[in-house]
Amino acid sequence: MIRGKKMIAIAMTAVLASGLAAVAGCGSSNPEAEGKTVIRMLQYKPEAADIFAELAEKFNETHDDIYLQVDSPNDAMTILKTQLTKEDYPDIIGIGGDINYSYFLDSDLLMDISDFDGLDEVKEVYQDIAKDLEFVPEDGTYAMPYMANAAGVLYNKDMFEEHNWEIPKTWDEFTALCEEIQDEGVTPLVFGYRDIWTCLAPWNALAVDLAPVDVCAQVNAGNTTFADNYREVAEKQKQLLNYTDNNAFAYNYNDACTAFARGEAAMYTIGSYAIPQIQSVNPDINIDSFVMPGSNDPDKNYLNSGNDLQFSVMAACENKDAAYEVLRFFNEDENVQMYVDDQSAVPCKEGDFTLPSTLDGMKEYIENNKVRDFQDHHYPSEMAADAMIQTFLGDNSADSVDTFLARFDKEWPRYNRDIIREVQEYYADHPQEGGE
């Protein structure tokens, strides 16, 4: 069935070219690949280039008939959105679970890997998160979630122990803690809102508690609005500005990491990805974390965690069995743990893995699969939701929330027109599913 795929394929045209041109033919010219089936993987995390290189070397040392070539370009997502070169796809892509994956899937670029036996080892909650990224329900499975991340509140453990501050479980407890910290002459929170993308960190962490997980899909289906779902999220994120100093919009991400590392604030509402940056400033800082308690009902609070890295086999891959062997290798327990240790990540695979101590306060949620995906994984980057949030946070007018929500609802169809058409046509053809 052709839905809005042609339009979206044109909009995304593509996928993979400039970087692929740079690496095209490398496998065939490598003496180590001589006589072997070459599997080319393009992965989007340059910060993980070293561990990917180490794992690729390990794979090639243990496989006589397959050669794995991993490319980790610095600007992979730009490369993944440049003009399609249909004759020169990689075999496997390692990308994040966000709207880019949705575009690739919707443009029929990915292979159905439902028959891959390793999927049985992947936690259902992360498979569900990948499934929720489909614009309309697809038959089959198109991604193997590999690593997740965790976002909420990082805190200075030594400072908390020194002052006997307790970890909050509800929103009221959190704001009361912030006020207690202020009363003791300490800045509760630091932000780096000069870098607009950081505005999404507390936004996402609050939204998983306060908004439906499928709100974007429901808006696309015409069943609701963002104004009906995001008001409390917006109000509470703005309230957090009461618990910082005047540097929220003056500090960028690096400034905020540095301030937290130096003990200038007790807490930092950011993801686990910030920990290496913080530790580079102060290797001795004792960091732990807790889930953002956006709701006053602890049972309604979730860990903000999404598929930070997932593997998809390209539909054009001519060596599916070899590609599957690569996926099995990456999903072996020893190799999963190697990646976790190197990147302070959360494994999507079931098993008894050693998590970073900096995530001790989140382990209960991870182990119980009480996680929800980042709302912004469903936002098109062209919409610049982070910039809208930054503008809203800096707007001190009485009607700032109403203005922001109205703008969000106005901008959404502008950047999602083809997707909305596709979704609504699908549910018109499948009324029994209802889009709800």
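Just so it is clear, none of the values below were taken in a lab; they were calculated from the coordinates. Everything numeric here is computed off the predicted structure, so don't read it as measured data. Virtual Cβ from ideal backbone geometry, glycine too; neighbours counted across all protein chains shown.
Listed values, structure above:
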read-out	value
Residue order, fewest to most beta carbons within 10 Å, for GLU350, GLU121	GLU350, GLU121
Amide H within-cut-off set for ASP71, under 5 Å, with H built and near neighbours excluded	MET41, LEU42, GLN43
Residues of type aspartates and glutamates that LYS58 reaches as a straight line, Cα spacing below 17 Å, ignoring anything fewer than 8 places off in the same chain	GLU32, ASP50, ASP71, GLU325, GLU332, ASP333, GLU334, ASP341, ASP342
Which listed pairs, of LYS169/LYS238; LYS131/LYS370; LYS238/LYS370, have C-alpha distances above 23 Å, in listed order	LYS238/LYS370
Beta bridges by DSSP in the chain, antiparallel share as percent, to the nearest 5	60
Estimated FRET transfer efficiency when R0 is 22 angstrom, pair GLU364-ASN296 (beta carbons, to 0.05)	0.70
The range 202-347 - percent relative contact order, Cα under 8 Å, separation 6 or more	25
Within the chain, helix-based [θ] at 222 nm, where runs of 4 or more DSSP H residues each add -39,500 (n - 2.57), nearest 500	-12000 deg cm²/dmol
Farthest positive-ward along the range 270-388 dipole, Cα basis, beta-carbon charges - from LEU359, PHE330, SER381	SER381
Exposure proxy ranking, count of Cβ atoms within 10 Å, fewest first, for PHE59, PHE104	PHE59, PHE104
Rounded to whole Hz, the Karplus (6.51, -1.76, 1.60) HN-Hα couplings of the range 301-312, x for glycine and proline	9, 10, 7, 6, 8, x, 7, 6, 8, 9, 10, 10
Residue order, fewest to most surrounding Cβ atoms within 10 angstrom, among SER280, SER400, SER289	SER280, SER400, SER289
Relative contact order %, the chain, counting alpha carbon pairs below 8 Å whose residues are six or more apart	24
Length-normalised contact order of the range 228-290 in % [C-alpha pairs under 8 Å, at least 6 apart]	25
